[in-house]
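The values are calculated or read from the model by the stated rules, or taken from the named source; none is laboratory data. Bear in mind that the values here come from a model prediction, so they are computed numbers and not experimental data. Positions of Cβ are backbone-derived with ideal geometry, glycine not excepted, and every protein chain shown enters the neighbour counts. Just so you know, the surface numbers come from the protein's heavy atoms only, side chains and all, with ligands and any DNA or RNA stripped out. Shrake-Rupley method; radii C 1.70, N 1.55, O 1.52, S 1.80 Å.
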Amino acid sequence: MADERSRCAWATSTPDYVRYHDEEWGTPLHGDDALFERLCLEAFQSGLSWITILRKRPAFRSAFAGFSIDAVAEFTEQDEARLMADAGIVRNRAKIAAAVRNARAAQQLPDGLSALLWSFAPAGPRPHPATLADVPATSPESVAMAKELKRRGFAFVGPTTAYALMQATGMVDDHVADCFRADAAG
């Protein structure tokens, strides 16, 4: 029997999107390495469709040592060359270099990446968007997050990427009001 639950409109075009929407997107995620993975993947997504990144995620995880901050921070120029030759991932020199740079920057955070990112989560509940057209691309919090990350040496972390990260990791709940996951993601 088909699943007739109401979902966010973006999540209905492929089974991959349905699964991601239903099981991950908007669910609070903590942990330095877990959030580092999402930060990297959101940066790699910039200019591409999220489905491309989602389908390449297993290859990204393999290529980037499971997104262990400490492992990626040790990547060398040879590792970056290896990644540029890996057809399983998005081969963008600047984004690959940013992932390594971001791992090194994350190592320098006194309280860790998770604590820093979550410090920008808006306090208290807010109304769910009625439609996808009501979902913003940025927020004052994502602008502040991006500014702070850049100040701390991170790259490829503009306000739109920061907001997408906030949505994906449950810092904000942008499931539309009639979505079955609205208020249930956390």
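Within the set A115, A130, the sole residue that is surrounded by fewer than 19 Cβ atoms within 10 Å (Cβ to Cβ) and at pLDDT below 95 turns out to be A130.
For region 38-53, filtered to residues that are crowded, with 19+ Cβ neighbours inside 10 Å and among the aliphatic types (A, V, I, L, M), the residue that is farthest from Y163 (Cα to Cα) is I53.
Restricted to region 1-33, and to residues there that are of a type in the set (A, V, I, L, M) and free of Cβ contacts under 8 Å to residues at least 12 places away in the same chain, the residue that is farthest from T161 (Cα to Cα) is M1. Say whether the condition of being touching a His at 6+ places or on another chain (Cβ under 9 Å) and either open to solvent by less than 20 Å² (accessible area, probe 1.4 Å) or of a type in the set (K, R) (or both) is met by at least one residue in region 78-94. No, because not a single residue in region 78-94 is touching a His at 6+ places or on another chain (Cβ under 9 Å) and either open to solvent by less than 20 Å² (accessible area, probe 1.4 Å) or of a type in the set (K, R) (or both).
Of the residues in region 29-37, none is open to solvent by 40 Å² or more (accessible area, probe 1.4 Å), closer than 22 Å to R93 by Cβ and over 11 Å from the mean Cα position of the chain (by Cα). Identify the residue in region 95-107 that is closer than 15 Å to F36 by Cβ and without any contact (Cβ under 8 Å) to a residue 60 or more places away in the chain and, among all such residues, is most open to solvent (accessible area, probe 1.4 Å). Here the answer is R101. Within region 129-174, the set of residues being in a helix (DSSP H, G or I) and among the hydrophobic types (A, V, I, L, M, F, W, C) comprises L132, A133, V143, A144, M145, A146, L149, A162, A164, L165, M166, A168.
A quick yes/no check of all residues on (1) modelled with pLDDT of 95 or more; (2) among the aromatic types (F, W, Y):
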site	(1), (2)
P136	no, no
S142	yes, no
E148	yes, no
V157	yes, no
Y163	yes, yes
M166	yes, no
D183	no, no
G186	no, no
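Across region 146-158, the number of residues qualifying as of a type outside the set (A, V, I, L, M), in contact (Cβ under 8 Å) with a residue 12 or more places away in the chain and within 16 Å of K95 (Cα to Cα) comes to 4. Scanning region 133-186 for residues that are aromatic (F, W, Y), more than 19 Å from A103 (Cα to Cα) and buried (at least 18 other Cβ atoms within 10 Å of the Cβ) yields one hit, Y163. Hey, does region 26-42 have a residue that's out of contact with any Gly (no Cβ under 6 Å at 6 or more places or on another chain) and hydroxyl-bearing (S, T, Y)? Checked against the condition, which is being out of contact with any Gly (no Cβ under 6 Å at 6 or more places or on another chain) and hydroxyl-bearing (S, T, Y), region 26-42 yields no hits at all.
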